[in-house]
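The values are calculated or read from the model by the stated rules, or taken from the named source; none is laboratory data. In this text, all values refer to a predicted model and were calculated from it rather than measured experimentally. No Cβ is skipped: glycine too gets one built from the backbone with ideal geometry, and neighbour counts run over all protein chains shown. Note: areas computed on protein heavy atoms with side chains; ligands, DNA, RNA excluded. Shrake-Rupley method; radii C 1.70, N 1.55, O 1.52, S 1.80 Å.
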Amino acid sequence: SYLRSQSTSRRTSFSVKQLEQQAKFALMVKFLQSMTPLLNVSFRNYAVEMSGFNNAMRYNLLNAVTGTYPAYDVDYSLALVSRGDLPNAQNPTAASTVAGTVAFQWTNNSGVGKALPTDASLLVVYCPERNQCIYTTLGAARSTGSDTLSVPAFSGLEVQTFVGFLSADSKAFASSVYTGTLTVA
């Protein structure tokens, strides 16, 4: 035999602080959910007793939400899609001059700290209008200085772009660098 207490009813009203946090959380989930598999890997080194996605949520909620309730927005220049201690890309840029592609360029900084010429580029293109993300973790080597990502689904749309690196053994990541907003050709 056992006793069960009657469940309490859910509160119908929330405090202003709770509504603010719910709005921030919903905004960040919308942004990050499209890249969950990437975040589970690229934030795993900082995720203690939580998933990489949850650690990415935590970081970006604290650092990349701007505005005041209820008009919150993501400040993509402060957001991270990868986090680690490998050196960042130097002088990264992104442009779209060929239809359906985004071209990334950076300065080869192999030999600086832990940066190796064999580090693979991590290229991320996020389309807020479609709430979709296209990325690769198997991009060109750091030493090449450039790579392109095919994004035909985003042709004519405004996108947010990021670049980072991961080691050849996929155990170490560089914190991503925001390379700006652009419209895909």
When every residue in the stretch 70-123 that is open to solvent by 30 Å² or more (accessible area, probe 1.4 Å) and on the phi > 0 side of the Ramachandran plot is compared, the one nearest to the chain's Cα centre (by Cα) is ASN91
Scanning the stretch 34-60 for residues that are free of Cβ contacts under 8 Å to residues at least 60 places away in the same chain, open to solvent by 40 Å² or more (accessible area, probe 1.4 Å) and of a type outside the set (Val, Ile, Thr) gives PRO37, ASN40, ARG44, TYR46, GLU49, MET50, SER51, ASN54, ARG58, TYR59
Of (1) out of contact with any Cys (no Cβ under 9 Å at 6 or more places or on another chain); (2) open to solvent by less than 60 Å² (accessible area, probe 1.4 Å); (3) within 26 Å of ASN131 (Cα to Cα), SER15 fails just (3)
Restricting the stretch 168-179 to residues that are outside any strand (DSSP E or B) and open to solvent by 20 Å² or more (accessible area, probe 1.4 Å), the one nearest to ALA103 (Cα to Cα) turns out to be SER175
*Taking the stated definitions as given, is PRO152 touching a residue at least 24 places away in the same chain (Cβ under 8 Å), open to solvent by 20 Å² or more (accessible area, probe 1.4 Å) and in contact with a Lys or Arg (Cβ under 7 Å, 6 or more places away or on another chain)?*
no
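Results for (1) of a type in the set (A, V, I, L, M, F, W, C); (2) over 30 Å from VAL48 (Cβ atoms), shown as yes or no for each residue.
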| residue | (1), (2) |
| --- | --- |
| LEU86 | yes, no |
| ALA95 | yes, yes |
| GLY100 | no, yes |
| GLN105 | no, yes |
| SER110 | no, yes |
| CYS127 | yes, yes |
| VAL159 | yes, yes |
| SER175 | no, no |
| TYR178 | no, no |
* Asked: When you look at ASP147, is it assigned to a strand (DSSP E or B), among the charged types (D, E, K, R) and either over 18 Å from the mean Cα position of the chain (by Cα) or surrounded by fewer than 18 Cβ atoms within 10 Å (Cβ to Cβ) (or both), yes or no?
  -> yes
The condition of being modelled with pLDDT under 95 and not in a helix (DSSP H, G or I) holds, among ASN88, ASN45, only for ASN88
So, PHE31, is that one assigned to a helix (DSSP H, G or I), in contact (Cβ under 8 Å) with a residue 24 or more places away in the chain and open to solvent by 90 Å² or more (accessible area, probe 1.4 Å) or not? no
